[in-house]
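The values are calculated or read from the model by the stated rules, or taken from the named source; none is laboratory data. What you are looking at is a predicted structure, and each value in this text was computed from that prediction instead of being measured. All Cβ positions, even for glycine, are placed from backbone atoms using ideal geometry, and neighbour counts span all protein chains on display.
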Amino acid sequence: MPAVTETREAVEKLGQSSYKWGFETDIDMDVAPKGLNEDTIRLISARKEEPEWLLEWRLAAYRAWLKTTEPEWAKVSYPPIDYQDLHYYAAPKKKPGPKSLEEVDPELLRTYEKLGIPLHEQAMLAGVELPEGETARPPVAVDAVFDSVSVVTTFRKTLEEAGVIFCPISEAVRDYPDLVRKYLGSVVPAGDNFYAALNSAVFTDGSFVFVPKGVRCPMELSTYFRINAKNTGQFERTLIVVEDGASVSYLEGCTAPMRDENQLHAAVVELVAMEDASIKYSTVQNWYPGDENGRGGIYNFVTKRGACRGARSKISWTQVETGSAITWKYPSCILQGEGSVGEFYSVAVTNNHQQADTGTKMIHIGRNTRSTIIAKTISAGHSDSTYRGLVRVLPKASGARNFTQCDSLLIGDQCGAHTVPYIENRNMGARIEHEATTSKISEDQLFYCRQRGLSEEDAVGLIVNGFCRDVLKELPMEFAVEAQKLLQISLEGSVG
Amino acid sequence: MTQFLDISGLCARIDADGQEKEILKGVDLSIPPGEVHAIMGPNGSGKSTLSYVLAGREDYEVTAGTVNFQGKDLLEMEPEERAAAGLFLAFQSPIELPGVNNANFLRTAVNAVRRARGKDELDAVTFLKTARAAAKELSMAPDMLKRNVNVGFSGGEKKRNEVLQMTLLEPSFAILDETDSGLDVDALRIVAEGVNRLRSPSFSALVITHHQRLLDYLVPDRIHVMAKGRIIHSGGPELAQQIDREGYTRFLAEAEAA
């Protein structure tokens, strides 16, 4: 979801029930038969006209997947998933070839319009007259992924002029095979874990970003994921490589229609930051969370990892997690370069019967590496939320520093919040701090706000946003505004 | 009946540690428009409970009586509806809201009541201008608008912040629950002046206090003595000096005898 204030308004106008992104788009689809075997993988690879090496890479991942088992250590519970009962490929029917806005199915454009995602470069560039006091929005380049396929990427010309590559990863495989081959799986190996192996075997699309030496990416980049098709898993793959002294800020958003059955989403994101490079990766995760009785919703099993390879490189993850029936996600940083910096700022909201087990891993390898973890967990309804984090300092990481703060806020008395920090230190010179708090929204606070004229919902929104402020302020400004509203919508009906 | 605020036979109780405790035992009190009344009385007489019940705190159960506020049944209204109707409570212990910016909180509140009253919302610039001017009148440090609501405020700062909120929310009826407690002489005068600035034919107030000193600055039209959940005596502003000299003993004895 890109940083646009209209998004919420656009979305609210849809007038759906409490999950306002739950509509379905009727569009002509090309769907692979259900089931996962080597033939499915060959079919995906053939449809995408991939080179032989990538097919082999996928097949190796598939074989690794067969040998791994689904992780069971997370504090989430769900019935067993039948991996043979899913479609692994679904794409809107259209001719292959270079994509321009004119060629995109108008029904698709309308879908993104409904979601408030600006895919019209012209309209955005021309700008609309803004009320006094508001500043013009900088344009955001968007890669829109619909089910398994990228439908359009905006502002590619502007970015190309700056030397930045921003395109669907399937195109990158074709146009920049050397780059993709060099970095794909270099941070999250194909057989890393059950879900990552699955993704490596069947991933269909996602975004590729390459920022060459010394270039500051001239605009925010954004990928917007939309699951639409039924019984379809979504497996996207994002790869961002930032060379020496370059920088990029990348946003990611996602929604899905309301469905009674659960849908699987297993993505992999790999980030590579070279010397003095910096990557800011922000996510507003708003997959369909299921209804108030816990029916339906997305299973979100995601592997995100960044490698700070160069000295003084920096990777910053900011996430606002409000959606999904189950979230299993640990955006991590491998701090290899001397003096490299890893950051993780997270707000996870669970309501009704949602379950979230999320956190981060900070692996300190290089000297004087630093990491900061700020995790805010808000639980309401019958939901359960866990922060799970690992701080590991290896013997050579002299002068390593970590600061971790985990705060949980409980709303009501039927929900749970858990904090599971792992700390492994093998260097006596390292400094590691951990702080944790748990609190409830107090009756006093609610009454105080209501006495000042705020409705109960607004009061909760205000208090929750206050609680999350340390994280929200890390988001790009307009994304933060949107995240605030989203928090409030997610918690609607959680009090009283 | 004053047609402004009429409290009649008000009884309320609270569930404390599983035990029902009756705190208000038939309060009768009328405040006409434009008047400032004070309530004095010993600790535990129900003064703060009265203010909470009027503001709509849900912990208290009203068991009997009526409260008519400008022609409406106050007890039927939600706390935010009472605020929109013009009722303001300055808290004895203002609540902290971590991470919530004071100016943002104030603006959200002001615009919520303005919306409910059918007025236009204030834009950020106009609001900040008004808020800064009001804060200056109360000798508040400019950075208090930028800090989190009541977090790390001294006792005096918290009380001034309450008066600032009151000024901006433009209530027709304000309850000040021991707003003078914990204030030094200068702060007391500033707070009292803040309240006095609001005095007009369309503003009434109920001032709960233990001390005559606040009433020196904030001369009330009437003073009521509250004890054991009832108003036991009422009089003019001179009553404050009498209480200061003699205490409540005589009023209590008279009430016992009656």
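When you check A:Leu409 against the structure, is it more than 14 Å from chain B (Cβ to nearest Cβ) and outside any loop (DSSP other than H, G, I, E, B), yes or no?
no
Being in contact with a strand residue (DSSP E or B) (Cβ under 7 Å, 6 or more places away or on another chain) and facing chain A (nearest Cβ under 7 Å) is the filter here; which residues of region B:94-110 pass it?
Those that are in contact with a strand residue (DSSP E or B) (Cβ under 7 Å, 6 or more places away or on another chain) and facing chain A (nearest Cβ under 7 Å): B:Leu97, B:Pro98, B:Gly99, B:Val100.
Give me the pairs, please: first residue somewhere in region A:167-193 and touching a residue at least 40 places away in the same chain (Cβ under 8 Å) and buried (at least 19 other Cβ atoms within 10 Å of the Cβ), second residue anywhere and among the aromatic types (Phe, Trp, Tyr) and part of a loop (DSSP other than H, G, I, E, B), beta-carbon distance under 8 Å, and either six or more positions apart or on two chains.
Pairs found: A:Ile169/A:Phe203.
Any idea how many residues of region B:50-70 are within 14 Å of chain A (Cβ to nearest Cβ) and either closer than 16 Å to A:Glu443 by Cα or modelled with pLDDT under 95 (or both)?
Matching residues across region B:50-70 total 8.
Do you know which of the residues in region A:415-445 that are surrounded by fewer than 21 Cβ atoms within 10 Å (Cβ to Cβ) and assigned to a helix (DSSP H, G or I) is nearest to the other protein chains (Cβ to nearest Cβ)?
Among those that are surrounded by fewer than 21 Cβ atoms within 10 Å (Cβ to Cβ) and assigned to a helix (DSSP H, G or I), it is A:Asp444.
Which of the residues that make up region B:71-93 are surrounded by 21 or more Cβ atoms within 10 Å (Cβ to Cβ) and within 9 Å of chain A (Cβ to nearest Cβ)?
B:Pro79, B:Glu80, B:Arg82, B:Ala83, B:Leu87, B:Phe88, B:Leu89, B:Phe91
Do we find that B:Val62 is touching a helix residue (DSSP H, G or I) at 6+ places or on another chain (Cβ under 6 Å), over 19 Å from B:Ser172 (Cβ atoms) and of a type outside the set (Lys, Arg) in this structure? Give the derivation first.
Working: touching a helix residue (DSSP H, G or I) at 6+ places or on another chain (Cβ under 6 Å): yes; over 19 Å from B:Ser172 (Cβ atoms): yes; of a type outside the set (Lys, Arg): yes.
Judged against the criteria, B:Val62 is a match.
Results for (1) hydrophobic (A, V, I, L, M, F, W, C); (2) more than 14 Å from every other protein chain (Cβ to nearest Cβ); (3) more than 21 Å from the chain's Cα centre (by Cα), shown as yes or no for each residue.
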position: B:Ala112; (1), (2), (3): yes, no, no
position: B:Gly118; (1), (2), (3): no, no, yes
position: B:Leu122; (1), (2), (3): yes, no, yes
position: B:Thr130; (1), (2), (3): no, yes, yes
position: B:Lys136; (1), (2), (3): no, yes, yes
position: B:Met140; (1), (2), (3): yes, yes, no
position: B:Asp143; (1), (2), (3): no, yes, yes
position: B:Gly155; (1), (2), (3): no, yes, no
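Given the options A:Leu462, A:Leu454, name the one that is outside any helix (DSSP H, G or I), of a type in the set (A, V, I, L, M), at the interface with chain B (Cβ under 9 Å from one of its Cβ atoms) and without any contact (Cβ under 8 Å) to a residue 40 or more places away in the chain.
Values: A:Leu462 fails: outside any helix (DSSP H, G or I).
That would be A:Leu454, the only listed residue that is outside any helix (DSSP H, G or I), of a type in the set (A, V, I, L, M), at the interface with chain B (Cβ under 9 Å from one of its Cβ atoms) and without any contact (Cβ under 8 Å) to a residue 40 or more places away in the chain.
So which residues in region B:171-213 are charged (D, E, K, R), crowded, with 17+ Cβ neighbours inside 10 Å and in contact (Cβ under 8 Å) with a residue 40 or more places away in the chain?
B:Asp177, B:Glu178
Being acidic (Asp, Glu) and touching a residue at least 12 places away in the same chain (Cβ under 8 Å) is true for just one of B:Asp28, B:Asp123. Which residue is that?
None of the others qualify; the one that does is B:Asp28.
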